[in-house]
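The values are calculated or read from the model by the stated rules, or taken from the named source; none is laboratory data. Just so it is clear, the model here is predicted, and its values are computed rather than measured. Methodologically, a virtual Cβ is constructed for each residue, glycine included, from the backbone with ideal geometry; neighbour enumeration extends over all protein chains shown.
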Amino acid sequence: MREQGARLPYGLAEVTGPSMVPTLHHGDQLLVRHGAQVRPGDVVVLRHPLQQDLLIVKRAVERRDGGWWVLGDNPFAESDSRTFGAVPDEMVLARVLGRFRPPRELRWQGSLRAVLGWAASALRPVRRLRGAR
């Protein structure tokens with residue numbers, strides 16, 4: 001995860017790696033809100049508890065003693081609270097509002113229909129999972 005904007009209420013971040021597949025994919029751009037209230041089921045940007053210079057994106061599953069229990073949506077990715085435990089509130093930096101999937105092999109010189117089709121599939125809100133504790 002690479003953060004592109006900081007200290008404004010809204011910013012951009014870029015996803016690196018597969019831990020949030022199928023919700024987010026490597027290369028997705030994220031619209032985030034810094035300091036937003038986090039609720040169970042939200043996708044959040046946080047500092048990795050064991051490498052605090054590394055920003056990661058995970059789903060906030062539930063509040064526990066010591067902070068948020070966070071998990072990746074990809075059950076095969078292991079770098080989440082199963083490895084490092086609950087994440088303190090001060091390490092949760094932003095809530096993800098939406099994702100912008102970059103074009104893959106789209107020729108911008110192509111038809112307007114192709115561009116509009118890509119835009120309709122690329123811009124999506126990132127929703128909170130219902131049923132999270």
## Note on the structure
Inside segment 28-48, the number of residues satisfying the requirement of being within 11 Å of the chain's Cα centre (by Cα) and in a loop (DSSP other than H, G, I, E, B) is 2
### Summary
From the option list Leu24, Leu71, Leu55, single residue qualifying as hydrophobic (A, V, I, L, M, F, W, C) and touching a His at 6+ places or on another chain (Cβ under 8 Å) is Leu55
### Query
What number of residues within segment 99-118 satisfy the criterion of being modelled with pLDDT of 70 or more, over 19 Å from Met20 (Cα atoms) and hydrophobic (A, V, I, L, M, F, W, C)?
4
### Message
Restricting to segment 49-73, count the residues that are surrounded by 18 or more Cβ atoms within 10 Å (Cβ to Cβ) and either in contact (Cβ under 8 Å) with a residue 24 or more places away in the chain or not in a strand (DSSP E or B) (or both).
### Response
13
### Task
Mind listing whichever residues of segment 22-40 are farther than 25 Å from Asp89 by Cβ and surrounded by fewer than 20 Cβ atoms within 10 Å (Cβ to Cβ)?
Pro22, His25, His26, Gly27, Gln29
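Within segment 54-79, which residues are of a type in the set (Asp, Glu) and within 22 Å of Arg127 (Cβ to Cβ)? Write out each step before concluding.
Going through segment 54-79, the residues of a type in the set (Asp, Glu) turn out to be 62, 65, 73, 78.
Within segment 54-79, Glu62, Asp73 qualify.
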### Query
Taking segment 74-95 only, how many residues are surrounded by 16 or more Cβ atoms within 10 Å (Cβ to Cβ) and free of Cβ contacts under 8 Å to residues at least 24 places away in the same chain?
2
### Task
Would you check if there is a residue in segment 12-21 being on the phi > 0 side of the Ramachandran plot and out of contact with any strand residue (DSSP E or B) (no Cβ under 7 Å at 6 or more places or on another chain)?
yes
### Task
Any chance you could count how many residues in segment 74-87 are in a loop (DSSP other than H, G, I, E, B) and closer than 19 Å to Val32 by Cβ?
1
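Those residues that are buried (at least 18 other Cβ atoms within 10 Å of the Cβ) and modelled with pLDDT under 90, I need them from segment 1-21; list them, please.
Step one: of segment 1-21, the residues buried (at least 18 other Cβ atoms within 10 Å of the Cβ) are 1, 11, 13, 15, 19-20.
Across segment 1-21, the qualifying residue is only Met1.
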